[in-house]
Amino acid sequence: MRNCLRKGLFGLLLLIGGLGAAQPALAQEAPATAGLGDEPHRYELGGITVTGARYLDPNTLIGLSGLKLGDPITIPGDDLAKAIRKIYAQGILADISVSESRVEGNKIFLEFNVRERPRLSKFSFEGISKGQADDLEKKIKLIRGKVVTDALVSSTRTQVRKFYNNKGYLDAKVVMRQVPDSTLSNSVALKIDVDKGKKVRIHEIDFEGNKAFKDSKLARQFKKTKARTAFKILTPGKFQRTEFEADKAKLIDFYNNEGYRDAAIVSDSIERDEKGLIVKVKVDEGPKYYFRNITWNGNYLYDSKTLGSVLGIKAGSPYSKETLDKRLTYNPTGQDITSLYMNDGYLFFQIEPVETKVEGDSIDIEMRITEGVQARVKDINIAGNTKTSDHVIRRAIRTLPGDKFNRELLIRTQRELSTLGYFDPEKIGMNPVPNQADGTVDINYTVVEKPSDQITLSGGWGGYAGFIGTVGLVFNNFSLRKARDFHNWTPVPSGDGQRLALNVQANGFQYQAYSLSFTEPWLGGRKPQSLSVSLNRSISRLGYNFDPITGQFIKVNSINISLGRQLRVPDDYFTLSNSLSFSQYQLQNYAIFSDFSTGNANNFTFNTTLARNSIDNPTYTRRGSSVSLSLSLTPPYSVFPGAHPNSYEWVEFHKWMFDASWFTPIVGKLVLNTRAHFGFIGNYNANRTPGPFERFKMGGAGLGYGGGGSFLVGTDYIGLRGYDDPNAAFAIPTAQSGASGGIAYNKYVAEIRYPVSLNPAATVYVLGFAEAGNAVGSFSQYDPFKLYRSAGFGARIFMSAFGLLGFDYGRAFDTVVPNSPTTSVQDFNHFHFIIGQQIR
């Protein structure tokens, strides 16, 4: 009787003193005790044994209790209660009972009898699709074999609900069921039942307190929190608290930038009706402020008038912190105060705008300047180039050791490294490390290599040749220097920035074309001076039963040598290239022109091209321009004594071409690309008919015969989406003077682009276009405003291994008279596929 009373009393003490703090959080049962007295007695802990543990290590459980052999322990008392509480806090036990094993003198031996919580053997989702289940599995990250605690169950339920709340399912219900797993001892399968319910969308956003701006203007400042209406069916209309908080911050930024620097959101609320959610935002706009007096303090290098002119903020302009920050630190559309100093070496320059007086609606600002000393570049460090040689990167770097620090050249270097094409342009890092002690700066450049070599395997229908297969290899980062060492062929020697291209086109015996080209971009290794050499050979035979004596064929052999260099005047975005090329055309019964079908023609041409290219990224360009003017000249053979005015033995012409492309960022990553193209071919002798070898053909994707654009060397194929290719039934007739093509053309393009992915392995962007152009067979027909117009949309995919892939859907707006009298219906809609080149 007395023993029972002692046990009951000690159990009650443990329940009250030991588990009172743990039970609300973990909801464990009180441990049972046996064989322990009801009067406090001081013992020495002689040992602890653990029974009932299958997966848990007994020594680990004893260690979790905090009890150690030899420790003094009072029973009944807080010592044992605290130890049990520590074990329970781990959440790994469902039950524990404590009993006295034995007492030897002043030593007591205890026994912990435990019942472990079950472990997770597997889990599954019910009520949702497999795709959503896979996404959830990645989110919740349940680990098989982990102890199933109340916290684990609650956390999983919360994560699943949050997953669906973020998708707009605000009424999602999640039921967690633990089902014993008969295949494993002490294990459960977790069944997660999900009832998503219906999507709850935002159908209205209301603003209160706004007087300066309409609700629609304020709603546009929300980038993620959008109302879905009958006219905005593509808007998700989801409500996410984190996105809403970010949008509220954007709304305040908008007010601040419009001069309302005291603007605040007084309150916001989310209401629900039968249509969905109504988001209500109450604002306090406050007064509109204006800049008044701007003064300068600490400036010695530039006077206040000069700094005020660069700042460009006049008294009376609406107060805008964003405008002020841009004009002080970084202005993408013009000069700013910081660049004025830092482009002259003042890396340690600092400026702090301080509001000195706020009077009514006017604000006075004092610009406090610390100019510091000029810093010079000390060391240039490069990291991340696993394939490209250091010297290839260093020759593109504009910040040279010993030079004054220049922020503009630092940004220019980033552009130059991007245009090399060897590195991910989104991950080029530039980190100036100032050394104030000696007035120098180290600049650390980091790059991430991306694949730059390309392989082309394609096939298509082209011209008279029928199906043509193409195999091409382009090594954009080749190294001729390393080619002598067999160990560098992995698969080809690379890293020196040279370009080697091989291309083969064939259609069996009827058509073959071979080309080989090599480019050294830094001839001599000291200056940006390029040397290119290319060899080309092609042959086309007409008919399947070819007779070598009477058969019809054309052979073209050509060689081209080009030397280009970067200019310093007007600026170093300009390049000048000069080339000499020789082509020989061998014809046999091949009527490409009315009075020339058999014989040899020779084309010796000098070309000079002046170009300026300031685009920031060749893969997806956001800003910059590209302009080129090209002139090709042959000797004026027809004016030589004894020359026949219409002889094709020596081809003669002068050819002028102008191409311009501008890229303008609109909003975010949305870019407008506008282009203009002109071309003219003339003769030295007014009595001479323009030859057949240098012409313009317009239409389609601009790929020409065989998809290569150079079936007849010198023919320029200009794309005009929405219309047939030049040799199809509905080709633009003025572009086809017989089989030769036109001698003048012009074309205008406006294109909107938006990136889907900027991953260097596969850059993808979509586009919409409107364009117009025409090519004519004589100057008397030329009219720059008589154009064939079209519009449409498309996409481009730039893959490092295969180059450019793309398609366009174009709608023609102007009627084309068919070339064939048997053709009576014009197709105004065309799909165009592009491989390896942009449509010019």
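Numbers below:
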{"quantity": "Order by protection proxy (mean Cβ within 10 Å, highest first), peptides 480-489, 147-156, 164-173", "calculated": "164-173, 147-156, 480-489"}
{"quantity": "Flagged links, alpha-carbon separation over 26 Å, of Lys173/Lys223; Lys199/Lys248; Lys138/Lys248; Lys82/Lys141; Lys141/Lys450; Lys214/Lys280", "calculated": "Lys173/Lys223; Lys138/Lys248; Lys82/Lys141; Lys141/Lys450"}
{"quantity": "About the Cα centre, charge dipole magnitude for the chain (Lys/Arg +1, Asp/Glu -1 at Cβ), debye", "calculated": "920 debye"}
{"quantity": "Under 15 Å from Lys122, Cα to Cα: aspartates and glutamates that are on another chain or at least 8 residues apart", "calculated": "Asp134, Glu137, Asp181, Asp193"}
{"quantity": "The chain: relative contact order in percent, alpha carbon pairs under 8 Å with at least 6 residues between", "calculated": "5 percent"}
{"quantity": "Of Lys527/Lys697; Lys167/Lys275; Lys198/Lys669; Lys250/Lys427; Lys139/Lys226, those spanning more than 29 Å from alpha-carbon to alpha-carbon", "calculated": "Lys527/Lys697; Lys198/Lys669"}
{"quantity": "In degrees, nearest ten, helix 150-165 long axis to first principal axis of the chain (Cα)", "calculated": "30 degrees"}
{"quantity": "In sequence order, calculated HN-Hα J values of segment 274-281 (Karplus, 6.51, -1.76, 1.60; Hz; x Gly/Pro)", "calculated": "5, 8, x, 9, 10, 9, 10, 10"}
{"quantity": "Length released on extending from Ser304 to Ser154, taking residue separation times 0.36 nm less the Cα-Cα span", "calculated": "47.6 nm"}
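Read the figures in this text as sums done on the coordinates, not as results from a lab. Please read these numbers as outputs of a predicted model, since none were measured by experiment. We place every Cβ from the backbone using ideal geometry, glycine too, and count neighbours over all the protein chains shown.
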